[in-house]
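Here the structure comes first, spelled out in structure tokens, and everything after it is commentary.
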Amino acid sequence: MKGTNLMKGSEPDISNVHPSIKELLEVSSISLVILSRKGIVLYANPEAKELFGVNNEILGTDFEKLFFIDSVTDTKKLLKEALDRSSVQKEQILRIKHKENEAIWGVVKISTLKALLSESVLLCQIKNVSELKDYEEKIAWQSHLLLELINAIPNNVFIKNLKGEFLLANVFVSKLMGVDNPQMLLGKTDFDFHPKKLAKKYFKDEQEVIKTGKAKINIIEQVVESNNIRKWYSTSKFPLKNSEGEIIGIMGIGRDITTWVKEQKALRKAKIKAERADQLKSAFLANLSHEIRTPLNGILGFSQFLKQSIPKDDKDQKYIDYIIANGKQLLNQIIDIIDISKIDSGQFPIYKRNFVLNEIMLELKYSYIEKMRQLGLSDIKLHLEMDLVDKQSGIYGDNLRIKQVLSNFLNNALKFTHQGEIHFGYRLEKDNIRFFVRDTGIGISTENIRTIFERFRQVDFSLSRKYEGAGLGLAIADGIVKLFDGEIGANSELNKGSEFYFTIPFEKADLSAGSLKEESENRLKNKRILVVDDLESSYEQLEIILFQNEIEVWHAKNQNSFYESISNRANKVDVIILNMQTKWLKGCASIQKIKSINSRVPVLLITKELKNPHKEECMAAGADTYILEPVNHEKLINTLKTLIE
Ligand code: ADP
């Protein structure tokens with residue numbers, strides 16, 4: 001055995017080994033060491049010397065000394081087992097000293113050789129597994145990092161095999177299941193921890209993911225925790241695939257959404273409550289409008305009646321005028337308060353339609369000329385300015401609301417102007433229509449102009465103020481214009497006058513296939529109108545006009561049919577036309593009856609003379625408008641269109 005130092009003395013003599021065996025030992029790629037039964041190195045092949053990083057000085061060394069201190073116990077055990085034939089020989093991974101201090105991991109196996117020499121010796125085979133050991137350590141480190149990571153995720157994270165058994169879970173899952181650590185879940189299924197019904201549902205979902213290969217995202221799952229507390233989780237489950245792409249289980253992540261679910265429930269409750277409150281508010285508003293308007297209309301009607309029944313020079317006339325004026329003011333204020341509440345609660349109705357703008361403007365002009373005449377405002381001139389010719393003034397919008405805002409401006413202009421002119425109208429500005437009302441009235445200071453659009457704001461707050469009003473008109477106008485995404489504003493100079501304006505987006509009416517005409521015509525189509533008229537000839541004339549416009553006409557020709565109609569049909573008709581010539585009609589009382597059944601149904605009067613006292617009484621009692629006899633076809637239809645929204 002070339003290059004080896006064979007032991008002498010009390011130890012077995014290795015030089016007696018047959019040369020062919022020696023050769024085998026020398027060429028082996030496994031590190032081989034022969035030890036005496038006392039554990040002294042008798043021989044080390046070149047592979048072993050390289051492993052230990054030594055030469056012949058290894059011979060005669062105590063075998064244990066070739067290992068690091070933490071492996072010595074195991075080395076001794078191995079040696080003992082080898083000497084003790086009854087023990088099953090085992091392999092052991094030990095830390096070997098390479099060049100005294102470097103560590104190499106080796107799988108060490110020791111066996112007894114009986115026939116190699118005259119006395120038995122030990123053969124030690126060592127396989128260098130340092131690389132494997134490094135790899136194993138790396139994997140262990142990575143697994144450790146992975147576990148740390150999934151335990152740090154404040155959600156349930158788990159992996160299950162095809163049978164639904166846990167392969168991995170984090171501490172949140174073990175806590176939920178009521179076990180001390182995630183290891184205790186391995187190999188177990190949901191059926192071991194959850195109520196059967198819930199476990200079945202989880203299993204079904206997971207099997208579906210496995211079958212389809214499609215993830216299930218954010219499934220809402222109910223969970224009963226180990227402490228019997230019910231919780232809600234939002235869980236996502238994904239298919240788990242091996243390197244060949246085969247599905248071998250599922251991965252899941254679940255987030256506790258109990259607080260969110262509770263909040264949602266509370267929100268839903270609050271929403272239902274708010275909606276109910278809103279409905280109550282609407283009902284209250286509708287009732288309020290009905291309950292207050294009806295008696296007020298009555299007061300106004302009877303006051304008018306009283307006024308006519310006492311001599312003109314009676315001093316009581318003054319008091320009655322006072323009742324009428326205040327009653328009307330109160331009625332307008334109630335209507336304003338109802339409007340502002342509806343704007344606030346988002347219940348203010350808006351109906352867009354195709355209409356001819358110039359028609360509306362002219363209607364306003366004539367009704368304000370009439371109003372100014374009634375108020376005796378002969379020192380003021382009213383001018384209308386329009387940018388479009390009639391034919392091109394078809395627009396798409398809410399004609400009633402445009403009229404309402406302009407009326408608010410015009411009412412103020414009349415109220416705050418004592419002489420001069422009021423100009424109103426509209427101009428086209430890029431994509432908008434700009435409506436304006438300009439007066440030569442008392443004007444507003446720069447300081448006050450900023451606040452007048454706020455509700456209840458008035459320039460003169462004193463109790464002894466000259467001008468009546470609740471300070472709601474402009475706030476309502478502001479609310480309405482904002483609903484149309486428009487702008488509202490005012491320019492004014494004290495003692496010179498004011499200009500109030502608002503803009504709305506300019507949307508041309510759809511004129512295709514005469515849709516504007518259609519729209520206007522359609523507004524009356526299939527509407528129901530009750531005509532109260534005891535004169536066959538005048539009724540027939542009305543009936544023909546209404547039929548031509550495809551309006552359904554109901555006729556009340558005597559008192560019985562009138563009462564029968566308004567009791568049973570007042571809520572079903574769109575307009576009631578009252579011919580003032582009808583003998584048995586009790587003007588004011590009839591209107592009150594109608595309005596007490598349906599305060600919303602418009603009442604149109606047909607009267608012979610403008611100054612009919614009976615007409616005034618009915619208007620005060622709540623009639624909406626009137627037209628004069630003989631009835632003009634177009635006038636009737638246009639008036640009906642303004643009454644039917
Ligand atoms: P009011 O019912 O008091 O008229 P508005 O909201 O319509 O309520 O108007 C608020 C205030 O703005 C008025 O009280 C008045 O002081 C001022 N104002 C409105 N229009 C004019 C105007 N054309 N000229 C002068 N002041 C006006």
For Gln404, which of the numbered conditions (1) surrounded by fewer than 22 Cβ atoms within 10 Å (Cβ to Cβ); (2) at pLDDT 90 or above; (3) within 11 Å of the ligand (Cβ to nearest atom); (4) assigned to a helix (DSSP H, G or I) fails to hold? (3)
The residue from Val601, Val575 that alone is within 21 Å of Ile551 (Cβ to Cβ), touching a residue at least 60 places away in the same chain (Cβ under 8 Å) and either surrounded by fewer than 20 Cβ atoms within 10 Å (Cβ to Cβ) or not hydroxyl-bearing (Ser, Thr, Tyr) (or both) is Val575
Within region 414-438, take every residue that is touching a residue at least 60 places away in the same chain (Cβ under 8 Å) and in contact with a helix residue (DSSP H, G or I) (Cβ under 9 Å, 6 or more places away or on another chain) and give me the one that is nearest to the ligand (Cβ to nearest atom). Val437
Taking only region 544-556 into account, find how many residues are of a type in the set (D, E, K, R) and either modelled with pLDDT under 80 or touching a Phe, Trp or Tyr at 6+ places or on another chain (Cβ under 7 Å) (or both). 1
Which residue pairs have Cβ atoms closer than 8 Å, lie 6 or more positions apart in sequence or on different chains, and pair a first residue in region 442-463 that is over 19 Å from Asp344 (Cβ atoms) and near the ligand (Cβ under 9 Å from one of its atoms) with a second residue that is at pLDDT 85 or above and of a type in the set (D, E, K, R)? Gly443/Glu493; Gly443/Lys496
Matching residues in region 303-328 - criterion: being of a type in the set (A, V, I, L, M), free of Cβ contacts under 8 Å to residues at least 12 places away in the same chain and either more than 20 Å from Leu375 (Cα to Cα) or crowded, with 16+ Cβ neighbours inside 10 Å (or both): Ile310
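Report yes if Ser10 is free of Cβ contacts under 8 Å to residues at least 40 places away in the same chain, surrounded by 19 or more Cβ atoms within 10 Å (Cβ to Cβ), not hydrophobic (A, V, I, L, M, F, W, C) and not in a strand (DSSP E or B), otherwise no. Don't jump to the end; show me each part of the working.
Numbers: free of Cβ contacts under 8 Å to residues at least 40 places away in the same chain: yes; surrounded by 19 or more Cβ atoms within 10 Å (Cβ to Cβ): no; not hydrophobic (A, V, I, L, M, F, W, C): yes; not in a strand (DSSP E or B): yes.
No, not satisfied.
For region 185-196, which positions are exposed (fewer than 14 other Cβ atoms within 10 Å of the Cβ) and outside any loop (DSSP other than H, G, I, E, B)?
First, the residues of region 185-196 that are exposed (fewer than 14 other Cβ atoms within 10 Å of the Cβ): 186-187, 192, 195-196.
Passing the criteria: Leu186, Asp192, Lys196.
Kindly indicate whether any position in region 197-217 is assigned to a helix (DSSP H, G or I), surrounded by 11 or more Cβ atoms within 10 Å (Cβ to Cβ), of a type in the set (S, T, N, Q) and out of contact with any helix residue (DSSP H, G or I) (no Cβ under 9 Å at 6 or more places or on another chain).
yes
For every residue, the table says whether it meets (1) polar (S, T, N, Q); (2) closer than 23 Å to Ile248 by Cα; (3) modelled with pLDDT under 95.
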{"site": "Gln142", "(1), (2), (3)": "yes, yes, yes"}
{"site": "Leu146", "(1), (2), (3)": "no, yes, yes"}
{"site": "Gly164", "(1), (2), (3)": "no, yes, no"}
{"site": "Asn170", "(1), (2), (3)": "yes, yes, yes"}
{"site": "Met177", "(1), (2), (3)": "no, no, yes"}
{"site": "Lys201", "(1), (2), (3)": "no, yes, yes"}
Report every pair of residues separated by at least 6 positions or lying on different chains whose Cβ atoms are under 7 Å apart, first residue within region 478-501 and free of Cβ contacts under 8 Å to residues at least 60 places away in the same chain and within 11 Å of the ligand (Cβ to nearest atom), second among the aromatic types (Phe, Trp, Tyr) and not in a loop (DSSP other than H, G, I, E, B). Ala490/Phe500
Over region 317-372, the set of residues β-branched (Val, Ile, Thr), touching a helix residue (DSSP H, G or I) at 6+ places or on another chain (Cβ under 6 Å) and within 16 Å of the ligand (Cβ to nearest atom) is Ile334, Ile338, Ile340, Ile343
Going by the conditions given, is Ile40 touching a residue at least 40 places away in the same chain (Cβ under 8 Å) and under 19 Å from Leu94 (Cβ atoms)? no
Single condition Ser407 does not satisfy, out of (1) among the hydroxyl-bearing types (Ser, Thr, Tyr); (2) in contact with a Phe, Trp or Tyr (Cβ under 9 Å, 6 or more places away or on another chain); (3) in contact (Cβ under 8 Å) with a residue 60 or more places away in the chain: (3)
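Which count do you get for residues in region 420-477 that are of a type in the set (Asp, Glu), surrounded by 19 or more Cβ atoms within 10 Å (Cβ to Cβ) and at pLDDT below 95? Reasoning before the result, please.
Narrowing region 420-477 to residues of a type in the set (Asp, Glu): 421, 429, 431, 439, 447, 454, 460, 468.
Filter once more, so that each one left must be surrounded by 19 or more Cβ atoms within 10 Å (Cβ to Cβ): 439.
Cutting the leftovers down to at pLDDT below 95 gives us none.
Summing the residues that are of a type in the set (Asp, Glu), surrounded by 19 or more Cβ atoms within 10 Å (Cβ to Cβ) and at pLDDT below 95 in region 420-477 gives 0.
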May I ask you to list the residues in region 224-243 that are within 14 Å of Lys214 (Cα to Cα) and hydrophobic (A, V, I, L, M, F, W, C)? Phe238, Leu240
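Return yes when Gly397 is in contact with a strand residue (DSSP E or B) (Cβ under 7 Å, 6 or more places away or on another chain) and within 16 Å of the ligand (Cβ to nearest atom) and no when it is not.
Numbers: in contact with a strand residue (DSSP E or B) (Cβ under 7 Å, 6 or more places away or on another chain): yes; within 16 Å of the ligand (Cβ to nearest atom): no.
Taking the combined requirement at face value, the residue does not satisfy it.
Here's the yes/no breakdown for (1) over 17 Å from Pro12 (Cβ atoms); (2) under 60 Å from the mean Cα position of the chain (by Cα); (3) free of Cβ contacts under 8 Å to residues at least 40 places away in the same chain:
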| position | (1), (2), (3) |
| --- | --- |
| Glu26 | yes, no, yes |
| Ile30 | yes, no, no |
| Ser36 | no, no, no |
| Asp74 | yes, no, yes |
| Lys77 | yes, no, yes |
| Glu81 | yes, no, yes |
| Arg95 | yes, no, yes |
| Lys99 | yes, no, no |
| Ala115 | no, no, yes |
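Has region 128-148 got at least one residue that is within 30 Å of Ala169 (Cβ to Cβ) and among the hydroxyl-bearing types (Ser, Thr, Tyr)? Working first, answer last.
Just the residues of region 128-148 that are within 30 Å of Ala169 (Cβ to Cβ), to begin with: 132-148.
Pick out the ones that are also among the hydroxyl-bearing types (Ser, Thr, Tyr) and you get 135, 143.
There is at least one residue in region 128-148 that is within 30 Å of Ala169 (Cβ to Cβ) and among the hydroxyl-bearing types (Ser, Thr, Tyr).
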Pairs returned, first residue in region 277-299 that is β-branched (Val, Ile, Thr) and at pLDDT below 70, second residue that is part of a helix (DSSP H, G or I) and exposed (fewer than 13 other Cβ atoms within 10 Å of the Cβ), beta-carbon separation under 7 angstrom, 6 or more apart or interchain, are none
Which residue out of Leu382, Leu331, Leu364, Leu377 is outside any helix (DSSP H, G or I), in contact with a Leu (Cβ under 7 Å, 6 or more places away or on another chain) and not charged (D, E, K, R)? Leu377
Go through (1) modelled with pLDDT of 80 or more; (2) more than 30 Å from Leu410 (Cα to Cα) one by one and return the number of the condition Phe500 breaks. (2)
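The values are calculated or read from the model by the stated rules, or taken from the named source; none is laboratory data. Because the structure is predicted, anything quoted here is derived from the model rather than measured. Every residue, glycine as well, gets a Cβ built from its backbone with ideal geometry; the counts of neighbours run over all protein chains shown.
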